[in-house]
Amino acid sequence: MPYTVRPMCREDIVQVTAIDREAFPTMWPPMNYQRELENRLAYYIVVVENPTPSPDESPEPESVGLARRVRDWLAPGHDNHHDKIIGFAGFWIMAGESHIISLAVKRECRCRGLGQLLLLALIEEAVKRESETVTLEVRVSNYEAQRMYLKHGFIGKGVRRAYYTDNREDALIMTLDDAASPECCSRVIEARKALSLES
């Protein structure tokens, strides 16, 4: 797969903030990701583009590859400042419910399934953290995002009137109930497999 999803770290903040400003230019005040990474109730991930080796690049020797894997295992995230981040997402978790705060992909990287990849990774992490429910708000006019959420089991549960401060647009509340059920977990696994085959 040409992309990797991993937890967000401090070195990612500049790139994540730029994607946030592009995706949500009217949101004010902007999210403080430094503070979010210190928030024990918050969890954020990023999707990065895996480097493509040039055709004349010979594969690294097995001993070097093994050394690199051991180093990455012992010191994860040591090289994150070289990653090209193309999307991010995060949730807050309280009382068995994970609430998705944001999910965004760089404009030039959209329509590649990256939003789905981030969403599925969040659902998996929410289940690991013993969430029974995953919720979010989405603009009532954002049909593309709504279709993605519906595809992965979310249903509309209500409307928050004048939720968005820029134009007082309503937000549709969407919920994935029984996120930890075997059926839901199986759907997520199958969807992740399908995405990896498509890339």
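The values are calculated or read from the model by the stated rules, or taken from the named source; none is laboratory data. None of these values were measured; they are calculated from a predicted model. As a convention, Cβ positions derive from the backbone with ideal geometry for all residues, glycine included, and neighbour counts pool all protein chains shown. All accessible areas refer to the heavy atoms of the entire protein, side chains included, with ligands and DNA or RNA removed. Shrake-Rupley method; radii C 1.70, N 1.55, O 1.52, S 1.80 Å.
Annotations for the structure displayed:
- Cα-derived Rg over Rh, computed across the stretch 121-199 with Rh taken as Kirkwood radius: 1.03
- Distance between the pseudo-spin-label points of LYS128 and ASN32 (7 Å out from Cα toward the beta carbon): 2.8 nm.
- Computed over protein heavy atoms with a 1.4 angstrom probe, the accessible surface ordering of ASP170, ASP177, largest first, is ASP177, ASP170.
- Using the Stokes-Einstein relation with a Kirkwood hydrodynamic radius computed over Cα pairs, the translational diffusion coefficient of the stretch 76-138 at 4 °C and a viscosity of 1.567 mPa s comes to 101 µm²/s.
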